[in-house]
1. Quick one: which residues, 5 or more positions from residue 104 or on another chain, have an amide H under 5 Å from its amide H? H modelled 1.01 Å from N in the peptide plane, none for Pro or chain starts.
2. Take each of the peptides 58-64, 1-7, average the number of other beta-carbon atoms within 10 Å over its residues, and list them starting from the highest.
3. What length, rounded to one decimal in nm, is gained on full extension from residue 60 through to residue 6, with 0.36 nm per residue of separation minus their alpha-carbon distance?
4. Limiting things to C-alpha atoms, what are the Rg and the maximum Cα-Cα separation (Dmax) for the chain, in angstroms?
5. Taking only the alpha-carbon positions of the range 1-49 and ignoring solvent, what does the Debye formula give for the base-10 log of I(q)/I(0) at q = 0.18, 0.25 Å⁻¹?
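What follows is calculated from the coordinates using simple rules that are stated; it is not laboratory data. The shown structure was predicted, so the numbers you read here are calculated from the model rather than taken from an experiment. Please note: Cβ atoms are built from the backbone with ideal geometry, for glycine as well, and neighbour counts cover all protein chains shown.
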Amino acid sequence: MILCDSAQVADGKLYILGGGWSMTGPDPVPSAIALKIDVGWHEAEAPHHWELFLEDADGRPVLVETPEGDHPIEVRGEFTVGRPPGIPEGSPIDVALAVNLGPLPLAPGTRYTWRLSIDGDSETDWLLGFTTRPAVPAEP
């Protein structure tokens with residue numbers, strides 16, 4: 001996973017603009033998460049469910065106000081990968097995903113983490129942390 005300004009998938013490849021940052025803001029700006037997932041040979045041909053959860057420094061869900069009340073910031077999707085012809089049996093198969101996000105109302109001077117889950121499982125290295133810059137005091 002990598003944080004970026006924008007991402008796109010075309011022909012199975014990730015195209016990343018402004019990638020590799022870990023500090024943003026303090027004002028809300030659009031952002032994206034580019035993911036390259038290695039799917040095991042035995043997991044090909046089956047549907048997989050993925051989720052990204054935005055959490056604060058204490059691991060709690062980050063909430064955003066909506067007309068229906070506060071909701072956690074989460075993104076979900078599905079993917080299925082086939083076994084390409086000519087790939088040796090047992091090889092992992094790449095899946096590229098691009099998740100583009102609008103400006104998120106995040107608190108300045110705060111640490112956040114995107115946590116990835118695939119089929120309900122999450123690993124300790126499936127985390128992507130970033131910090132929002134402190135707010136700049138208004139001049140009198």
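1. Here 29 satisfy the definition.
2. Numbers: 58-64: 12.0, 1-7: 18.1.
Highest to lowest by the protection proxy: 1-7, 58-64.
3. Here the segment from residue 60 to residue 6 would lengthen by 16.9 nm.
4. 17.2, 68
5. -0.68, -0.95
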